[in-house]
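Inspection log for the structure reproduced underneath, given as structure tokens.
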Amino acid sequence: MSDKTHKTRLSAPLKNGDKEIHEVEVTKPSVGALRGLKMTDVLQMDVTALMTLLPRVTRPALTPDQVAALDPADFTDLSGKLLLFFARAEQLEGLAAQGNA
């Protein structure tokens with residue numbers, strides 16, 4: 001995993017034709033990937049905004065129908081990993097330090 005991707009092992013695999021998707025990688029979104037979305041909606045984990053954004057930033061690229069079919073725990077995990085890209089390294093370090101205090 002790098003600072004540009006986060007991987008998630010799905011608790012409930014998705015169907016992709018005759019294959020199953022067991023792992024999804026979330027990539028750091030570009031500003032272009034955010035086009036048409038409100039940042040406040042993304043940062044507040046608005047389901048509709050995240051359902052629009054996830055197909056743009058996942059590998060393999062999930063379809064909107066696949067995102068809609070995700071187990072809620074997997075959707076939350078992918079969304080949480082996506083939101084990590086919107087924090088600066090210093091902010092993440094501060095949060096980690098608070099958790100260890």
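No value in this document is a laboratory result; all are computed from the given coordinates. Not measured: the values here are computed from a predicted model. So basically every Cβ, Gly included, is an ideal-geometry build from the backbone, and we count neighbours across all protein chains shown.
Each of F86, F75 was scored by other Cβ atoms within 10 Å of its Cβ. Arranged with the fewest first, they read F86, F75. The P(r) of the chain has a tail past 24 Å containing 23 percent of all C-alpha pairs. Please compute the net charge surrounding T8, taking Lys and Arg as +1 and Asp and Glu as -1 over other residues with Cβ under 14 Å from its Cβ. Neighbour charge sum, excluding T8 itself: -1.
Rounded to the nearest 20 debye, the dipole size of the stretch 5-100 about its Cα centre is 300 debye, using +1 on the Cβ of Lys and Arg and -1 on the Cβ of Asp and Glu.
Note on R88 and A61: their simple-model spin labels are 3.3 nm apart, each label 7 Å out from Cα toward Cβ. As I understand it, the value is the acute angle between the Cα axis of helix 89-100 and the longest principal axis of the Cα atoms of the chain; what does it come to in degrees, rounded to 10? It works out to around 80 degrees. Of the residues G80, M45, P60, the one whose Cα sits farthest toward the positive end of the charge dipole of the chain, with +1 on the Cβ of Lys and Arg and -1 on the Cβ of Asp and Glu, is P60.
Which parts of the stretch 48-69 would a label at K38 reach, counting a residue when its backbone N lies under 17 Å from a point 7 Å out along Cα-to-Cβ? The answer is 48-53, whose backbone nitrogens lie closer than 17 Å to the label point. Going from the fewest other Cβ atoms within 10 Å to the most, the residues T27, T58 appear in the order T27, T58. For the stretch 38-55, putting each phi into the Karplus relation 6.51 cos²θ - 1.76 cosθ + 1.60 with θ = phi - 60° gives couplings of 8, 4, 4, 5, 5, 5, 8, 6, 5, 4, 4, 5, 5, 5, 7, 7, 4, x Hz, in residue order, rounded to whole numbers and with x for Gly and Pro. For the chain, the longest principal axis of the C-alpha atoms and the axis of helix 72-83 are separated by about 50°. Within the shell of other residues whose beta carbon sits under 15 angstrom from the beta carbon of S30, the net charge comes to +4, with Lys and Arg scored +1 and Asp and Glu -1.
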